[in-house]
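*Asks:* Following this message is one structure expressed as structure tokens.
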Amino acid sequence: MSANMFCWHPRLGLSPADADFNERVDEIQDSHLPPTPELLAFVQSLLTHSPDLTETEDTVWAEGPLAQDVVGDFMNMGISWSGYQHALPVVVATAREHGLHSFDPQTEIFYPATTSRADRGKETILARGIQLARRLTGSA
């Protein structure tokens, strides 16, 4: 089993708070667009923290090569459950260094590309709002 983490360039205009977020993610993943240089640079940065699964099984990544998880300006990466707690802060910090948003579908927490104190507070409020909306609509 593995966890997933979504990362994307803000120009995609995706927000986990939008009702059609999952549909838009599916559409992006089905588009088979070639990876953008920005996302490939992000992958290379991630691989400095933990090697690709194609190189060793002693890694946090659940699949490899990691670059195959990139579609255009979007990435849906698999993280092993055993490596999840270690990988999550690394992925979020690295995404921010590259100007990318990230979203943890397991906790439904959105991490915007910016890191201001106000944005960190918005992350918590947005996560709670997403959870409430999904409970109310029965899509939890």
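Any read-out appearing in this document is the output of simple, stated calculations on the displayed coordinates, not a laboratory observation. This structure is a prediction, so every number in the text was calculated from the model and none was measured. Backbone-built Cβ (ideal geometry, glycine too); neighbour counts: all protein chains shown.
*Asks:* Out of contact with any helix residue (DSSP H, G or I) (no Cβ under 9 Å at 6 or more places or on another chain) and either of a type in the set (Lys, Arg) or surrounded by 12 or more Cβ atoms within 10 Å (Cβ to Cβ) (or both), is that true of LEU33? Break it down stepwise before answering.
*Replies:* Details: out of contact with any helix residue (DSSP H, G or I) (no Cβ under 9 Å at 6 or more places or on another chain): yes; either of a type in the set (Lys, Arg) or surrounded by 12 or more Cβ atoms within 10 Å (Cβ to Cβ) (or both): yes.
So LEU33 fits the description; yes.
*Asks:* Tally the residues that are under 22 Å from PRO65 (Cβ atoms) and not small (Gly, Ala, Ser), restricting the search to the stretch 7-55.
*Replies:* Selection size over the stretch 7-55: 28.
*Asks:* I've got another one for you. Scan the stretch 54-72 and give yes if some residue there is among the aliphatic types (A, V, I, L, M), surrounded by 16 or more Cβ atoms within 10 Å (Cβ to Cβ), within 11 Å of the chain's Cα centre (by Cα) and over 25 Å from LEU136 (Cβ atoms), otherwise no.
*Replies:* Yes: one or more hits.
*Asks:* Somewhere in the stretch 97-105, is a residue of a type in the set (S, T, N, Q), exposed (fewer than 15 other Cβ atoms within 10 Å of the Cβ) and out of contact with any Pro (no Cβ under 7 Å at 6 or more places or on another chain)?
*Replies:* Step one: of the stretch 97-105, the residues of a type in the set (S, T, N, Q) are 102.
Imposing the further condition that a residue be exposed (fewer than 15 other Cβ atoms within 10 Å of the Cβ) reduces the set to none.
Scanning the stretch 97-105, I find no residue that is of a type in the set (S, T, N, Q), exposed (fewer than 15 other Cβ atoms within 10 Å of the Cβ) and out of contact with any Pro (no Cβ under 7 Å at 6 or more places or on another chain), so the answer is no.
*Asks:* Moving on. Out of everything in the stretch 73-96 that is over 12 Å from TYR111 (Cβ atoms) and free of Cβ contacts under 8 Å to residues at least 40 places away in the same chain, what residue ends up being surrounded by the most Cβ atoms within 10 Å (Cβ to Cβ)?
*Replies:* Looking at residues that are over 12 Å from TYR111 (Cβ atoms) and free of Cβ contacts under 8 Å to residues at least 40 places away in the same chain, I get GLY83.
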